[in-house]
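Chemist: One structure, pasted below without further comment.
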Amino acid sequence: MSVPTSTENTAPDGRPIPTGMQETATFRAPGVVAPPRKTFWTQLVQAFAMFRNPKSVAGLIILGVFVLVAIFAPLLAPYGPTQKDRTALRQAPSLDHWLGTTHMGEDVLSQLIFGTRGVVVVGFLSAIIATVIAITIGVIAGYVRGWKSESLSALTNVFLVIPGIPLIIIVASQFENPPLIVIAAVLGLTGWAWGARVLRAQTMSLRNRDFIQAARANGEPLHRIITVEMLPNLMALIASSFVGTVTAAILGLTTLAFIGVIPVSNLNWGTILFWAQQNGAFPRLWWWYVPAGLCIAIIGVALSLINFGIDEYVNPRLRSAGERARAMKKKGLDVNAPVTAVREVPVTGADPATSQTTKIQNANTQK
Amino acid sequence: MTTASPELGQFEQQDRDALEVGTTATTAEKGRVLVPWRFFAGRAGFYLFTLWAAITINFFLPRFMKGDAVSSYLARNRNISPEAADSLRILLGIDTDKSMWQQYVDYWAMLFRGDLGISTLHGLRPVAEVLSSALPWTLGLVGLATIISFALGTVGGAIVGWKRGSRLDALIPITTFFNTIPYFWLGLIAIAIFSSTLKWFPSSHAYGKGQSPEWSLDFIGQVITHGTLPAVTIIIASLGGWMLGMRNMMLTVLDEDYITVAQAKGMPNRRVLWAYAARNAVLPQVQSFALSIGFIVGGTIVMEMVFSYPGVGKLLLDATNAKDFALMQGVFLVITLSVLVANILADIVYAYLDPRTRQTEA
């Protein structure tokens, strides 16, 4: 079986059809164009199709910059993260210290650059943990039936309903000096439920499609049906829940660091804010607390942009609805106008009040 | 995520004249009020299970923790004899002679008596008492702010979705930006601007110093001025999610055939927007409200630390620092319970809004 995807879920040009929530199992006649040969590269390009739109690309670029900063922190940072300059305490931004200094004379910019590491590592690590759990539980819960599915679904819902942050505060306070991996694990273990829920719903809808039925009739083993037949069709949802979990993990990490549950030795943006608040930076020493918060917001916006792009790939209406409405507006029509909008086009271009007009009927519901 | 056709939604609208409101039906049958018992029974089972899970997690949490409440209590109060410390251990129920199962049974028995243990942090007062003085503040502030945010976001999202392609679309990235900012940072900035610099609102506490809660106009006014800043920051920070969800759902619903039909029948736009499109788009919104309320409440209790607001969030943080396990358990239990109650309310709203939950009963 070298053809995992039938014409059922592959467009004539070989592109996988977005498996959005609205999709129905309509039969698609095979296109006239023969699908191009599948190579490793075309499949790789296909796998990342959901990122090929301006919003996702913009988000990925911003995220990439932060990742690069995290990797090359020692090269980029002008000072060490805890290097103290006794001659420059609480200084406003200057040429020596671009973002000023703390009450101990530490360079805020250097702390910010080194702090990126903690944020990026914990964000991705916990998202990987959460996504692996979400795929396992979600896909199994969607594929099996009866009480097994229901009990896995109940487990997911319990994790969704139990408030995460208070639980994390209690668990994280156990460790005297929790390493990054423990923090990431705790954030991941409390953050997988939403992804599992979405994946379960989509798997349940995939389960009854013809190509899965065919694979089952062919006697393919369960693990092959799940990994080869189903996962490619779930990629967009997996990517979107991964990105969402990174956002949640970053917010969780900085929140925990800010309230002091995570020790200050673990430098991240939340720790900077913790120190700023503890040492009376508010409201005067703005250079100490504004950049760290803005960084969290910027990385959050970047991740949301990626998700907007994936959403529009999964549900093209999100983009096309606005485009259609704008196109109609350009023609002088209102998308919400009563059914038959009557447009008056002056024939001569003279005074519209007196000139003869042509009436063109437009159904505003045209797609 | 399929949407109910609006015709099903007219069980509630039987008293209207069908001809007048413009449906094609010529007779309006009087429908019974259907209570979706099976739906409620299923949900009740789920809540009982969640409650059991939460209480069990709650039971095990302090037993896996390093350090114990008594040692940290002794560290704060040095003039306590070893005998007194031992009796304190027994009082707190952390004498380890009993088996784990026996402790678990005892814990349940205590809960049924409404006994949550005693708080070492608050002068050995019962946890239930400490909680009951803090809970109204959190429920009032976070509850009200969340409901306002949900309502504003849903109505706003419906309008943004309806006026698709217009300038209102810009609201989505703006509210998303505020959605990705951590609550506490937004709160700190708000304090820096509106409290420290402009001096419009007080920066901390729920009411003025030296006051005690009473039902007087002066006191209520103080509570409002103190609560405005925290509430507004919670609303601003959580608005984006609701607005985005509702707008995306509206865009999907507006392409449905029944919207076209409704417009073809010549219904006024306002009725198509609210009674047809928004009515159906709000269903997933209510579901996600139920599911994300735990997340939101968890996030906003940090707010209480920023604003020194005397709610359960601040209680939890103080208890964590002091290793006051009984209080930590109590706070976690209360937060979980309130989230469950909010979920039940959302379920009832959902059952009312979605006729399919009632239809399966027939």
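The values are calculated or read from the model by the stated rules, or taken from the named source; none is laboratory data. Here the structure is a predicted model, which is why all the values come from computation and not from measurement. FYI the Cβ positions are ideal-geometry reconstructions off the backbone, even for glycines, and counts take in every protein chain you see.
Chemist: Give segment B:88-104 a look and list any residue that's surrounded by 12 or more Cβ atoms within 10 Å (Cβ to Cβ) and either part of a helix (DSSP H, G or I) or at pLDDT 85 or above (or both), or say none. I'd like the intermediate steps shown before the answer.
Modeler: First, the residues of segment B:88-104 that are surrounded by 12 or more Cβ atoms within 10 Å (Cβ to Cβ): B:88-89, B:91-95, B:98, B:103-104.
B:88, B:89, B:91, B:92, B:103, B:104, listed by residue number.
Chemist: On to the next question. Looking at segment B:158-201, which of its residues are assigned to a loop (DSSP other than H, G, I, E, B), at the interface with chain A (Cβ under 10 Å from one of its Cβ atoms) and of a type outside the set (A, V, I, L, M, F, W, C)? Before the answer, list the steps.
Modeler: Kept after step one, since they are assigned to a loop (DSSP other than H, G, I, E, B), are these residues of segment B:158-201: B:163-166, B:181-182, B:198-201.
Cutting the leftovers down to at the interface with chain A (Cβ under 10 Å from one of its Cβ atoms) gives us B:163-166, B:181-182.
Once the filter is applied, which keeps residues that are assigned to a loop (DSSP other than H, G, I, E, B), at the interface with chain A (Cβ under 10 Å from one of its Cβ atoms) and of a type outside the set (A, V, I, L, M, F, W, C), segment B:158-201 yields B:163, B:164, B:165, B:166, B:182.
Chemist: So how many residues does segment A:249-279 have that are free of Cβ contacts under 8 Å to residues at least 40 places away in the same chain and over 15 Å from residue B:305 (Cα atoms)?
Modeler: 1
Chemist: Related question: Which is touching a Phe, Trp or Tyr at 6+ places or on another chain (Cβ under 8 Å) and more than 9 Å from chain B (Cβ to nearest Cβ), of A:186, A:182, A:158? Reasoning before the result, please.
Modeler: Details: A:186 fails: touching a Phe, Trp or Tyr at 6+ places or on another chain (Cβ under 8 Å); A:158 fails: more than 9 Å from chain B (Cβ to nearest Cβ).
None of the others qualify; the one that does is A:182.
Chemist: Considering only residues of segment A:287-340 that are hydroxyl-bearing (Ser, Thr, Tyr) and closer than 21 Å to residue A:241 by Cβ, which is nearest to the other protein chains (Cβ to nearest Cβ)? Please lay out each step first, then the result.
Modeler: Step one: list which residues in segment A:287-340 are hydroxyl-bearing (Ser, Thr, Tyr), which gives A:289, A:304, A:313, A:320, A:340.
Those still in the list that are closer than 21 Å to residue A:241 by Cβ too: A:304, A:313.
Details: A:304: 5, A:313: 13 Å.
The selected residue is A:304.
Chemist: Determine if segment A:137-157 includes at least one residue that is surrounded by 22 or more Cβ atoms within 10 Å (Cβ to Cβ) and closer than 27 Å to residue A:299 by Cα. Give the derivation first.
Modeler: Here is the first cut: in segment A:137-157, the residues surrounded by 22 or more Cβ atoms within 10 Å (Cβ to Cβ) are A:137-139, A:141-142, A:156.
Then drop every residue that is not closer than 27 Å to residue A:299 by Cα, which leaves none.
The answer is no; no qualifying residue exists.
Chemist: Could you grab me the full set of residues in segment A:274-304 that are part of a loop (DSSP other than H, G, I, E, B) and farther than 20 Å from residue B:199 by Cβ? Explain how you work it out, then say what you get.
Modeler: Initial filter on segment A:274-304 (part of a loop (DSSP other than H, G, I, E, B)): A:279-285.
If the condition is that a residue be part of a loop (DSSP other than H, G, I, E, B) and farther than 20 Å from residue B:199 by Cβ, then A:279 is the only one that fits.
Chemist: If you don't mind, there's one more thing I want to ask. Which of the numbered conditions does residue B:215 fail, given that it passes all the others? Conditions: (1) of a type outside the set (Asp, Glu); (2) crowded, with 20+ Cβ neighbours inside 10 Å; (3) over 22 Å from residue B:244 (Cα atoms); (4) more than 11 Å from chain A (Cβ to nearest Cβ).
Modeler: The single condition residue B:215 does not satisfy is (2).
Chemist: Let me ask something additional. Given the conditions (1) over 17 Å from residue B:292 (Cα atoms); (2) more than 12 Å from chain B (Cβ to nearest Cβ); (3) part of a helix (DSSP H, G or I), which single one is not true for residue A:219?
Modeler: For residue A:219, the exception is condition (3).
Chemist: Here is a follow-up. Find the residue count for segment B:204-235, including only residues that are in a helix (DSSP H, G or I) and of a type in the set (Phe, Trp, Tyr).
Modeler: Here is the first cut: in segment B:204-235, the residues in a helix (DSSP H, G or I) are B:217-235.
With the extra rule that they be of a type in the set (Phe, Trp, Tyr), the set shrinks to B:219.
Count: 1.
Chemist: Has segment B:323-338 got any residue that is within 12 Å of chain A (Cβ to nearest Cβ), crowded, with 24+ Cβ neighbours inside 10 Å and within 21 Å of residue A:197 (Cα to Cα)?
Modeler: So the first thing to find is which residues in segment B:323-338 are within 12 Å of chain A (Cβ to nearest Cβ), and the list is B:323-325, B:327-338.
Filter again for crowded, with 24+ Cβ neighbours inside 10 Å, leaving B:324-325, B:327-328, B:330-332, B:335-336.
Then drop every residue that is not within 21 Å of residue A:197 (Cα to Cα), which leaves B:336.
Looking for residues that are within 12 Å of chain A (Cβ to nearest Cβ), crowded, with 24+ Cβ neighbours inside 10 Å and within 21 Å of residue A:197 (Cα to Cα), one finds at least one in segment B:323-338, hence yes.
Chemist: Being away from chain B (no Cβ under 12 Å) and modelled with pLDDT of 85 or more is the filter here; which residues of segment A:246-267 pass it?
Modeler: A:249
Chemist: Name the single residue, out of those in segment A:14-48 being assigned to a helix (DSSP H, G or I) and touching a Pro at 6+ places or on another chain (Cβ under 7 Å), that is modelled with the lowest pLDDT.
Modeler: First, the residues of segment A:14-48 that are assigned to a helix (DSSP H, G or I): A:40-47.
Narrowing the set further to residues that are touching a Pro at 6+ places or on another chain (Cβ under 7 Å) leaves A:42, A:46.
Values: A:42: 80, A:46: 77.
For segment A:14-48, the residue satisfying everything is A:46.
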